[in-house]
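Where a number appears in this text, it was derived from the coordinates with a stated rule and is not lab data. Predicted model only: the values in this text are computed from it and were never measured. Ideal geometry is used to build each Cβ from the backbone, glycine not excepted, and the neighbour counts take in all protein chains shown.
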Amino acid sequence: MSNRPNCTKFAVGRRWMADNAAPVTLRARKFITNRLLARRQFVLDVLHPSRPNVPRDELAEKLATMYKTEKARVVCFGFRTQFGGGRSTGFALIYDDEASQKKFEPKHRLVKSGLATKVDKPSRKLRNERKNRAKKFRGTKKSKAAEPAKKGK
């Protein structure tokens, strides 16, 4: 077993598994009700002495029950586990409604929470190669040069 106190772990084969049923304590600091952005925002301290970490969706579920809102309106991000484990600190937002969440949340977090779709675009290298190919031409030939290169050559 581990030398750390408060550590409830059990062995499965050769791997050590954490007890996922272990209790987790949530503490909100710097709580602000932000009327302009239609949300409540706070720094969230998570105490998890017998677990390596706590998933964001589990945190969102617990916060939704604590603040009497639906799980989809809770956004958790920026979590860092303290050295030595047992405590993580991050940021949490609870939006008043879906419209304000879609209006004010960054696109990448909307994609993460399933409220927006990811925009598929070619890789950065491919975009730059096309741009540089098009630079060598003028007028209508420029758009032809910007098309993807032929596979035959």
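General observations
- Put simply, of THR89, THR117, THR81, THR140 the only residue that is polar (S, T, N, Q), closer than 30 Å to LEU63 by Cβ and surrounded by fewer than 15 Cβ atoms within 10 Å (Cβ to Cβ) is THR117.
- Of all residues in the range 74-116, those being under 17 Å from ARG40 (Cα atoms) and either touching a Pro at 6+ places or on another chain (Cβ under 6 Å) or of a type in the set (Asp, Glu) (or both) number 4.
- For the range 46-88, residues that are among the hydroxyl-bearing types (Ser, Thr, Tyr) and farther than 25 Å from LEU36 by Cβ total 4.
- Matching residues in the range 92-114 - criterion: being surrounded by 14 or more Cβ atoms within 10 Å (Cβ to Cβ) and either small (Gly, Ala, Ser) or over 18 Å from the mean Cα position of the chain (by Cα) (or both): ALA92, ASP96, SER100, SER113
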